[in-house]
Amino acid sequence: MTRLLAYAHGLIKGTVATTLLAASAVIGADFEAADTSMREHYAPFQELLRAHLEEKDLDHDGLVTAFDYQGALAADDTSALLEEQHRLLAAFDPDTLETREEAVAFWLNAYNYFMIAHILETPRRGELISSVRDYGHLFNPYRVFSQDLFDIGGRKYSLDEMEKGILLGDAYKERGWKEARVHFAVNCASVGCPPLREEIYLPSALDAVLTENTRRALNTPRHLHLDGNTLRLTRLFDWYEQDYAEENGSVRDFIAAYADDRVLEKLERGERIRFIDYDWDLNKPENFPEFR
């Protein structure tokens, strides 16, 4: 009887293992197809990033990045790349995005692309802007984020709709797709923003890269540092406190979930929290001390 049970257990175990391997293969194949599609739809943007984004590793695994707008404007192929990327997005139906990984990766890439493209294509008085606030006015300096300027699938979207209405909106929240780490992935083309990355977001690597982005931002003094017994944090933790609390209970708990030991020590020593003034200067290399 014991041998029979052991034999049956072995069969069940083998069946479960085979089933899991088969499921893993299907998921892997699905991600492979989704990654291929994402690469195809964002190929021009990927070329722009690889050609003109500068990354600098900091001590303790911090990271800063800057986009060389002047270099992009001087390059012979930039206009063609922008035109082709606009065409691809205007022809794409976002309702075809089926999985969380596809959808989040798509909208992150869209936001980051349109932010850069708008700056390259919309100078002020013939000159590159010094800040995204140059597109606004006295009563609304951040107007560029709320304007319906960007064509996806024949419909105009604003940057705010992509970030707050879709990625962080109620529909994604209900589906379990809302993700507070998004705040460390969208880039508002400013020095105070978390780093833009050289590679576009892909479904298969989404979670790993979101975690890496968050962790490396927390390791960067521009976003978190200890001043005596005061923990100084990026304003993102002030503006979007509810998103972090929804996901982890509090801002401190969110930081603890993604922090390495050095940051955890700062978190423990920081008796109070104060927020770092947000730097809205354009994220070009000249505006970062690390690139001078």
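The numbers here are math on the coordinates, done by the rules we state, and not lab data. Computed from a prediction, not measured in an experiment: that's the story for all the values here. Cβ atoms come from the backbone with ideal geometry, glycine included; neighbour counts cover every protein chain shown.
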Self-check item: Peptides ranked, highest mean first, by Cβ atoms within 10 Å: ranges 100-106, 202-208
Solution: 100-106, 202-208
Quiz item: For the range 56-170, what's the relative contact order in percent, using C-alpha pairs closer than 8 Å and at least 6 residues apart?
Solution: 24 percent
Self-check item: Thr214, Thr220, Thr230 arranged by Cβ crowding within 10 Å, fewest neighbours leading
Solution: Thr230, Thr220, Thr214
Quiz item: Relative contact order for the chain: what is it in percent, counting Cα pairs under 8 Å that are at least 6 residues apart?
Solution: 22 percent
Quiz item: Based on DSSP H runs of at least 4 residues, each adding -39500 (n - 2.57), what is the mean residue ellipticity at 222 nm of the chain after dividing by all its residues, to the nearest 500 deg cm²/dmol?
Solution: -15000 deg cm²/dmol
Exercise. Under 16 Å Cα to Cα from Lys56, which lysines show up? Leave out anything in the same chain fewer than 8 places away.
Key: Lys284
Exercise. Provide the packing ranking of 86-95, 153-162, i.e. peptides ordered by the mean count of other C-beta atoms within 10 Å per residue, highest first.
Key: 153-162, 86-95
Quiz item: What does the convex hull of the Cα atoms come to per residue for the chain, in Å³?
Solution: 177 Å³
Exercise. Please work out whether the range 203-286 counts as rounded, prolate or oblate from its C-alpha gyration tensor, where a ≥ b ≥ c are the square roots of the eigenvalues and a/c under 1.5 means rounded, while otherwise a/b larger than b/c means prolate and anything else oblate?
Key: rounded
Quiz item: What is the magnitude of the charge dipole of the chain about its Cα centre, with +1 placed on the Cβ of each Lys and Arg, -1 on the Cβ of each Asp and Glu, and no other charges, expressed in debye to the nearest 20?
Solution: 680 debye
Self-check item: Dipole magnitude of the range 139-292 about its Cα centre (Cβ charges: Lys, Arg +1; Asp, Glu -1), debye to nearest 20
Solution: 200 debye
Quiz item: Over all Cα pairs of the range 144-189, how is the pair count split among 10 Å bins, expressed in % and running from 0 up to the last occupied bin?
Solution: 27, 50, 23
Quiz item: So which lysines pass the test for Lys173, namely a Cα distance under 21 Å, with those fewer than 8 places away in the same chain ruled out?
Solution: Lys164
Self-check item: Rounded if a/c under 1.5, otherwise prolate or oblate - the range 43-167, Cα gyration tensor axes
Solution: rounded
Quiz item: What relative contact order, as a whole-number percentage, does the range 121-205 give when Cα pairs under 8 Å and 6 or more residues apart are counted?
Solution: 15 percent
Practice problem: For the range 152-292, give the share of DSSP beta bridges that are antiparallel, in percent and rounded to the nearest 5; count only bridges with both residues there. | Solution: 60 percent
